[in-house]
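Working notes, structure below.
The values are calculated or read from the model by the stated rules, or taken from the named source; none is laboratory data. Owing to the predicted nature of the structure, the values given are computational and were not obtained by experimental measurement. Cβ coordinates were reconstructed from backbone atoms using ideal geometry, including for glycine residues, and neighbour counts include every protein chain displayed. The area values use the complete protein model at the heavy-atom level, side chains included, leaving out ligands, DNA and RNA. Shrake-Rupley method; radii C 1.70, N 1.55, O 1.52, S 1.80 Å.
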Amino acid sequence: KQTLKEIRLQTDQTIRAVDQLEQLEQKGKQELVRVSGNFANYSEESIRNCYESVKNIQIQLGVAREKEYQLHSQRDKYEIRLVRLQKTLQGAERLAMRIGSVLGYLSSQISDAVAQMAMATKNEFIGVQIIKAQEEERYRVSREIHDGPAQDMANLIYQASITERLIDVDPDEAKQS
């Protein structure tokens, strides 16, 4: 929001500068028309100075207009971003409220489950041991599923490739393999 505020301020200042330069350009062009119309009454240097002055104002005006365009573009990007962030914030606030509700519900459900476990086992230590044993078993089974079949499959492929090569050399031993 602060960056957007600063960009808006810069944009306003740049717009005012562009307006002032446009007025200066108009005055400079009017002076140039007056000087060109009375060419004989002015020295070559004063005519050149008039042209240079208008040219410099036009260059400054072009730079200021480009800066104004860039600031408008930057301002638009920040405004869009701010709107998106506000929507995200609103969504996050709604989500936080929902999570709070769910946590309240879950904590009551967990409390009920803990009470039921305590009543069923009548010993908190046994419940912890059961959970620990379940976790260890889950870890062991996952390790077996991951390591065992993968190694067996790699070994089977390796033996099959050896047997394939052996068929041409010694068919009897290949059959035995």
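A few comments on the model shown:
- Stokes-Einstein diffusion for the stretch 53-115, with the hydrodynamic radius set to the Kirkwood value over Cα pairs and evaluated at 10 °C in a medium of 1.306 mPa s, equals 97 µm²/s.
- The stretch 87-177 pair-distance distribution - Cα-Cα, 5 Å bins, rounded %: 3, 11, 8, 8, 8, 8, 8, 8, 8, 6, 5, 5, 6, 5, 3, 0
- The chain, relative contact order in percent, only Cα pairs under 8 angstrom and at least six apart counted: 19
- Largest-first principal axis extents of the Cα set of the stretch 14-100 (Å): 87, 14, 11
- The alpha-carbon of LYS1 sits under 20 angstrom from the alpha-carbons of these lysines, leaving out residues fewer than 8 places away in its chain: LYS77, LYS87.
- Heavy atoms of the protein chains alone define the surface here; on that basis the chain has 83 Å² accessible area per residue at 1.4 Å probe size.
- Radius of gyration and Dmax over the Cα atoms of the chain, both given in Å: 41.7, 120
- Proximal aspartates and glutamates to LYS175, defined as alpha-carbon separation beneath 15 angstrom and excluding residues fewer than eight positions away on the same chain: GLU164
- 14 Å beta-carbon shell around ARG48, net charge (K/R +1, D/E -1): -3
- The aspartates and glutamates whose alpha-carbon is closer than 18 Å to the alpha-carbon of LYS29, local same-chain residues fewer than 8 away aside, are ASP19, GLU44, GLU45, GLU52.
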